[in-house]
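The values are calculated or read from the model by the stated rules, or taken from the named source; none is laboratory data. Quick caveat, the model's predicted, so the values are computed rather than measured. When we count neighbours, we look across all protein chains shown, and the Cβ atoms used for this are built from the backbone with ideal geometry, even at glycine.
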Amino acid sequence: MSLSKPAPSAEEIREIVASQLHLEGPLLPIFHALQDAFGCVPEGALPVIADALNITRAEVHGVMSFYHDFREVPAGRHVVKICRAEACQAVGADALAARTLEKLGTEWHGTTANGAVTIEPVYCLGLCACGPAAMVDNKVVGRVDDAKMAKLLAEAGA
Amino acid sequence: MKIYVPLDSAAKALGADEVADAIMSEAATRGLDVQVIRNGTRGMIWLEPLVELEQDGTRVGYGPVAVEDVPALLDGKLASLGPVEDIPFLAKQTRLTFARVGVIDPLDLTDYEAHGGLAGLRRAIAMTGAEIVKEVTDSGLRGRGGAGFPTGIKWNTVLGAEADQKYIVCNADEGDSGTFADRMVMEGDPFCLIEGMAIAGLGVGATRGYVYLRSEYPDAIAVMEEAVRRARAAGVLGADVLGSGKAFDMEIRVGAGAYVCGEETSLLNSLEGKRGIVRAKPPLPALEGFLGKPTVVNNVLSLATVPVIFEKGAAHYAGFGLGRSKGTMPIQIAGNVKFGGLFETAFGMPLGTLVNEVAGGTASGRPVKAVQVGGPLGAYLHPDQFDTPFGYEEFDQAGGLIGHAGVVIFDDSADMLKMARFAMEFCAVESCGKCTPCRIGAVRGVETIDRIAEGDASAIGLLTDLCETMKDGSLCALGGFTPFPVMSALTHFPDDFARQKEAAE
């Protein structure tokens, strides 16, 4: 989902934007569809969206930047999310996250030097009775300890 | 032989997919006639992956099952938990909203109907809109998202509004830590939510519905989307709902990682394609909601409870509960806990019974220090308050809230100053930015708690003052309720805030 790809063509962008225009309130679905296709919402898409929805480019940017999910540049090849919410904190998620960041030599939202893994905080995956919880791309993992995290990171190529 | 392996995220997170694969390949190797059914979870998360073998009509449980256990499982040599329904954690519950979750194949509409599904919708089809709304009002159902507003009154406002288009919007932006009941319903009994929304649509005269589902739940999104497709193909949704001549259809919309979109007006803005900024009320969403049209905004659990109310009658539902908290509440037990999971029970159970008896205390075996009820905006309660009965008014009197009924347990290693700081930090990260007490207050709150942590006791008064301002001056519950965890931590655990000044000062 997050492999670096050649810059999308205006044609590709227009096609994706057009595919969502029949919806009521199409802007978030447009962002999601673009990000699914390109790993981010490319800058070149903003004027196309603004034109299609008859809103200003600033408005499009304002909406996009409001949401944590949408990226201006693609993430690493895999995204590892570690839950920071209270239920996971109650079973040691804080320390797990700190050790993981230290091991990878990166901060939250950072990507490993080899581009394999982007690490992000997430506030609740709904796995509150089997924390600490994490998600690798779209795959959920529960009761994560150091050994499990090391395995996940190794599989992701970090 | 039928073997059930849950497809619920929590079960998957603990290896259910791998176990299901192992069962299928082992059965194929042995030439066994095995049908693997992916059910929802029973909600006993400490037993996941909980595999069930149907023997002579009884489902016998095994768990937690690892891939290595599969040969022994098929040999009949693995130690069993006995009939699943007899496991005390499950046997003690009153399951109304969650009656089918974990029992049926979530995407099998025939299985759904065989377990009472669609009976409520069929009954509603024979009723007028006003009768449908009255049934919900009579059941005493209150909004399960947190605020506890009577659902029937909300529906009645939408019913009475004149408009060319009305909407049903389901709030499935379950962002509160310690809560996962919405996710369990959507993954384990999606048709129940669809049926509830269809009944709501018929009741208030809305023909379109949306489920605003958070992006952090990819599995729930996949199950719900497939369920909507199947419901449409079977005529449960569409221009002629179950041959009634009435229309109702719905879509799943995916959120984008903003906690504040769980607030209903911010959710509506997000659904419209705007920034998820809170709207001032009035106008109420019931009158001017999605795209300015009358809109019912209800939580997943509220809508998923509607079918059982129509199947069994309002009086049956209202017969459970305590005072003005009628019916049952699916309580989610989480955090540092021995028996974590979902426990649906009539309102009224004392918090201490839940924590010590049902949940069995902490997983670490250490004493319980604090329990946070109601998510990141809920108060930290002290064991001294364990006699508080689980009910909206009762928790309010104890200085807390039940919210979405997530109960997060902490052992004595928890640092409550740190938890208070986290509450402020979370509010700062997730604030929509519209009102000053929340946007600025949360940042100042973090700084003030840091001063206290450094030994500046004079900052405690400042923090209290700040919390008052946030509580009174914020537009929505994010800024308005963040003081709950902060002040409860400060009030009940003052020792954690009495830091010594560094000697080098």
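What the table shows:
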{"item": "Filter pass, A:Leu46 being crowded, with 22+ Cβ neighbours inside 10 Å and not in a loop (DSSP other than H, G, I, E, B)", "result": "no"}
{"item": "Hits in region B:227-265 - residues which are of a type in the set (A, V, I, L, M) and under 30 Å from B:Leu377 (Cα atoms)", "result": "B:Ile252, B:Val254, B:Ala256, B:Ala258, B:Val260"}
{"item": "Subset of region A:56-75 (residues that are in contact with a helix residue (DSSP H, G or I) (Cβ under 8 Å, 6 or more places away or on another chain) and farther than 26 Å from B:Phe426 by Cα)", "result": "A:Thr56, A:Arg57"}
{"item": "Candidate set from region B:437-467 (those that are touching an Asp or Glu at 6+ places or on another chain (Cβ under 8 Å) and within 17 Å of B:Asp415 (Cα to Cα)); member that is modelled with the highest pLDDT", "result": "B:Val446"}
{"item": "Residue count for region A:81-101, restricted to those that are in contact (Cβ under 8 Å) with a residue 12 or more places away in the chain, more than 8 Å from every other protein chain (Cβ to nearest Cβ) and more than 18 Å from B:Tyr217 (Cβ to Cβ)", "result": "7"}
{"item": "A:Glu59 over 18 Å from the mean Cα position of the chain (by Cα), within 12 Å of another protein chain (Cβ to nearest Cβ), surrounded by fewer than 21 Cβ atoms within 10 Å (Cβ to Cβ) and in a helix (DSSP H, G or I)", "result": "yes"}
{"item": "Condition check for B:Phe426: within 14 Å of chain A (Cβ to nearest Cβ) and in a helix (DSSP H, G or I)", "result": "yes"}
{"item": "Within region B:330-418, strands (runs of 3 or more DSSP E) holding 3 or more residues that are within 20 Å of A:Gly142 (Cβ to Cβ)", "result": "B:341-346, B:406-411"}
{"item": "Number of positions in region B:273-326 that are of a type in the set (Gly, Ala, Ser) and within 14 Å of another protein chain (Cβ to nearest Cβ)", "result": "4"}
{"item": "Members of region B:204-227 that are part of a strand (DSSP E or B) and away from chain A (no Cβ under 11 Å)", "result": "B:Gly209, B:Val211, B:Leu213"}
{"item": "Members of region B:213-256 found to be surrounded by fewer than 24 Cβ atoms within 10 Å (Cβ to Cβ) and hydroxyl-bearing (Ser, Thr, Tyr), listed by number", "result": "B:Ser215, B:Ser244"}
{"item": "Test set (1) surrounded by 21 or more Cβ atoms within 10 Å (Cβ to Cβ); (2) touching a His at 6+ places or on another chain (Cβ under 7 Å); (3) of a type outside the set (Phe, Trp, Tyr) - A:Glu120 fails condition number", "result": "(1)"}
{"item": "Residues of region B:231-266 satisfying the condition of being outside any loop (DSSP other than H, G, I, E, B), within 24 Å of the chain's Cα centre (by Cα) and more than 11 Å from chain A (Cβ to nearest Cβ)", "result": "B:Ala231, B:Asp249, B:Met250, B:Glu264, B:Thr265"}
{"item": "Output for region B:75-112, where each listed residue is charged (D, E, K, R), outside any loop (DSSP other than H, G, I, E, B) and closer than 22 Å to B:Ala27 by Cβ", "result": "B:Asp75, B:Asp111"}
{"item": "Residue in region A:107-117 that is at pLDDT 95 or above, in contact with a strand residue (DSSP E or B) (Cβ under 6 Å, 6 or more places away or on another chain), surrounded by 13 or more Cβ atoms within 10 Å (Cβ to Cβ) and not small (Gly, Ala, Ser) present", "result": "yes"}
{"item": "Members of region A:30-43 that are touching a Ser or Thr at 6+ places or on another chain (Cβ under 9 Å), surrounded by 19 or more Cβ atoms within 10 Å (Cβ to Cβ) and assigned to a helix (DSSP H, G or I)", "result": "A:Ile30, A:His32"}
{"item": "Positions within region B:313-329 being touching a residue at least 24 places away in the same chain (Cβ under 8 Å) and either part of a helix (DSSP H, G or I) or on the phi < 0 side of the Ramachandran plot (or both), in sequence order", "result": "B:Ala314, B:Ala315, B:Tyr317, B:Ala318, B:Phe320, B:Leu322, B:Arg324, B:Ser325, B:Lys326, B:Thr328, B:Met329"}
{"item": "Pair list, Cβ under 9 Å, 6 or more apart: region B:280-293 residue part of a helix (DSSP H, G or I), other residue of a type in the set (Ser, Thr, Tyr)", "result": "B:Phe290/B:Tyr167; B:Phe290/B:Tyr210; B:Leu291/B:Tyr167"}
{"item": "Residue match in region A:142-155 (condition: away from chain B (no Cβ under 14 Å), in contact (Cβ under 8 Å) with a residue 60 or more places away in the chain and assigned to a loop (DSSP other than H, G, I, E, B))", "result": "no"}
{"item": "Matching entry among B:Glu357, B:Glu344 (being within 24 Å of B:Ala10 (Cα to Cα) and touching a Pro at 6+ places or on another chain (Cβ under 6 Å))", "result": "B:Glu344"}
{"item": "Residue in region A:66-80 that is in a helix (DSSP H, G or I) and either away from every other protein chain (no Cβ under 11 Å) or under 19 Å from the mean Cα position of the chain (by Cα) (or both) present", "result": "yes"}
{"item": "Members of region B:104-119 found to be out of contact with any Cys (no Cβ under 9 Å at 6 or more places or on another chain) and either within 20 Å of B:Phe320 (Cβ to Cβ) or of a type outside the set (A, V, I, L, M) (or both), listed by number", "result": "B:Asp105, B:Pro106, B:Asp108, B:Thr110, B:Asp111, B:Glu113, B:His115, B:Gly116, B:Ala119"}
{"item": "Out of B:Met184, B:Met197, sole residue that is under 16 Å from the mean Cα position of the chain (by Cα), buried (at least 17 other Cβ atoms within 10 Å of the Cβ) and within 30 Å of B:Val260 (Cβ to Cβ)", "result": "B:Met184"}
{"item": "Identity of the residue in region B:327-338, among the hydrophobic types (A, V, I, L, M, F, W, C) and touching an Asp or Glu at 6+ places or on another chain (Cβ under 8 Å), that ends up farthest from the other protein chains (Cβ to nearest Cβ)", "result": "B:Met329"}
{"item": "Pick from region B:19-57, criterion surrounded by fewer than 23 Cβ atoms within 10 Å (Cβ to Cβ) and part of a loop (DSSP other than H, G, I, E, B), ranking: nearest to the other protein chains (Cβ to nearest Cβ)", "result": "B:Arg38"}
{"item": "Candidates A:Ala7, A:Ala18, filtered to the one that is in a helix (DSSP H, G or I) and either among the small types (Gly, Ala, Ser) or in contact with a Leu (Cβ under 7 Å, 6 or more places away or on another chain) (or both)", "result": "A:Ala18"}
{"item": "Condition check for B:Ala16: buried (at least 22 other Cβ atoms within 10 Å of the Cβ), within 14 Å of another protein chain (Cβ to nearest Cβ) and more than 16 Å from B:Phe180 (Cα to Cα)", "result": "yes"}
